[in-house]
Structures are given as C-alpha cells and as structure tokens.
1. If I take R0 = 30 Å and measure r between the Cβ atoms of residue 185 and residue 132 in this structure, what FRET efficiency does the formula 1/(1 + (r/R0)^6) give, to the nearest 0.05?
2. Between residue 110 and residue 148, what is the label-to-label distance in nm when each label sits 7 Å out along the Cα-to-Cβ direction?
3. Give me a comma-separated list of calculated 3J(HN,Hα) values for the stretch 136-146, in order, Karplus coefficients 6.51, -1.76, 1.60 applied at θ = phi - 60°, integers in Hz, x for any Gly or Pro.
4. Give me the number: length gained by fully extending residue 117 to residue 69, i.e. 0.36 nm times residue separation minus the C-alpha to C-alpha distance, one decimal in nm.
Amino acid sequence: MDPDAVKSTLSNLAFGNVMAAAARNYQKEILANEKAQGSNPVNEEVDLDELMDDPELERLHADRIAALKREVEKREAFKRQGHGEYREVSEGDFLGEVTRSEKVICHFYHKEFYRCKIMDKHLKTLAPRHVDTKFIKVDAENAPFFVTKLAIKTLPCVVLFSKGIAMDRLVGFQDLGTKDDFTTNKLENVLVKKGMLSKKKKEEDEEDAEYQESIRRSVRSSENLDSDSD
C-alpha cells in the first residue's frame, strides 16, 4: 500500500470530521431560525444528508478546510523560526533572534530575582497560545552589551521588538498593577494593547485545537500502517 496515499486518505477523513461538525451547526441554525419566524412547524426536521449534498454548504466546508490548512502551514513556519515556546538565548544569538521574526517579546532577567521568576511563569504560558509572536529570555548578567545598549536598569524588563526595532517595554510590574499576583490574562491584555499579541476568541482556540488533534491522529495512524506494511 502506498504510504502517501494512506496519509492522504486519513487526512481527508480528519477533514470530514470538521465538515460534519459544520453541517450539524448549520442544521441547528436553520431550526432555530424557523422556530423564531414561526413559518414552519416546530417539529419539522432537516435532512442532514441533503445538507451534506448542498453545493453552497460544500463550498463553505471547502473554504473553511482550506483556511485551516493555511493556518497549520503558517504555524509550522513560525515554529521553524523558534516560535511556540519560551526559550533562553545567548547574547551571541540575540540579534539574530530579534531580527528574524516580525514580533519578538524578550525578557531580560536575573536568575536570583523572584519577580523575574513570576514573569517567566506567565510568558511560558503565553508562548504556545500566540505562535505568531516569538518569546525569548536573556540572562542580563551574561548580556552586558545589549543591557547597556538598550539602557536596561530595572529587572524584570520585557522589551518588545517589532521588525527588529525595540518599540516598547515593560519595566518591573508597573503596567501590571505593581503587585506580584497579577494574572496571565492581565499580562496578555497588556501585550495585546501594545500590539504584540492578537486576541483570539475562545471558540477559535478550541476549534484549532480540535483540528490539530485530528491531524495528529491521522499522522499517528498512517505511521502505524507504514510500520505494519514493513
């Protein structure tokens, strides 16, 4: 059996799950509209098979699947650039890291400072949520050149880079209520307002997570089939 054909078939099955879910949502919307307008009996049913054969609905499904595929490809490209995780970089790698990505959040920290550890915790949580932004940290003690160049005098200091240029910064917890117990959502909202993060709807996050899991299941299944065929 051709492994590529198997993978293609499994991917199509995964996409089929998304299509079926969209059809069910569409069915619910039609029933709700009919009930509100009172134009049809409340107990009138919609044939799901007919919905699945509807050319307009199929076009909507195809458009949604294409959009999801583009999003996955974009995420993979970001991950190849080091996005999706909170990483420590050296002074020697710092310049390359901040110039290769459009948006970069860099935490200059000291390993003994308690507040730096608090900032670490929140940035580590945000990094996988916002793959389009790179999250890195630099040990200020080991990066004297850039600490001086960027005039960093208080830690933690989170410098916000756009296209390689330091556009803004968070000094200590001044923008976060000056207290240690701020939430990750508080930090996220501040970074959204500063243009470093894109605020996503909860529904979009859940849908993307479901789609990603479908793809992972398909890949694992195809790998198992390849192993069996060997």
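Readers should treat all values here as calculations from the given coordinates under stated rules, not as data from a laboratory. If you're wondering where the values come from, they're calculated on a predicted model, not measured in any experiment. Cβ coordinates were reconstructed from backbone atoms using ideal geometry, including for glycine residues, and neighbour counts include every protein chain displayed.
1. Approximately 0.95, to the nearest 0.05.
2. Between residue 110 and residue 148, the simple spin-label model gives 1.9 nm.
3. Coupling constants for the stretch 136-146: 9, 9, 10, 6, 4, 5, 9, 9, x, 4, 6 Hz.
4. So the extension gain works out to 13.6 nm.
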